[in-house]
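The values are calculated or read from the model by the stated rules, or taken from the named source; none is laboratory data. All figures in this text were calculated on a predicted structure; none of them were measured in a lab. Cβ placement follows ideal geometry from the backbone for every residue including glycine, while neighbour counts extend to all protein chains displayed. Ligands, DNA and RNA are stripped out before the accessible areas are found, and what is left, the full protein with its side chains, is counted by its heavy atoms. Shrake-Rupley method; radii C 1.70, N 1.55, O 1.52, S 1.80 Å.
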Amino acid sequence: MKKYPCSILTFFLIMLFSVQIAAIQVKVIKKQINIREKPDMKSKILAQAGEGALLVVKEKKGEWYRVVLAENPPDNKQSGFVFYKVVEEVEEE
């Protein structure tokens, strides 16, 4: 019986990379929120976002979401933090 470990591994890698993963976004649910430099209420405010704004999540860190700052050009990946109680998760379509 022949073994095909390379073929099996290749198959699984193709399947893994062909699955499209939807990016997680959060929608602002308060009138206006602060986007902070660090996951701390006393941290410097980098930007603000209004109710209904969609923010792309880079990661979740405890009770905070690290989000991409939308006003930056696409090649600038600067990010900030928003507290979980001022946003709700939505799945990107």
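The single residue among K38, K60 that is part of a loop (DSSP other than H, G, I, E, B), modelled with pLDDT of 90 or more and closer than 28 Å to E88 by Cα turns out to be K38.
Given the condition open to solvent by 90 Å² or more (accessible area, probe 1.4 Å), in contact with a strand residue (DSSP E or B) (Cβ under 8 Å, 6 or more places away or on another chain), assigned to a loop (DSSP other than H, G, I, E, B) and at pLDDT 55 or above, answer yes or no: does some residue in segment 17-29 qualify? Checked against the condition, which is being open to solvent by 90 Å² or more (accessible area, probe 1.4 Å), in contact with a strand residue (DSSP E or B) (Cβ under 8 Å, 6 or more places away or on another chain), assigned to a loop (DSSP other than H, G, I, E, B) and at pLDDT 55 or above, segment 17-29 yields no hits at all.
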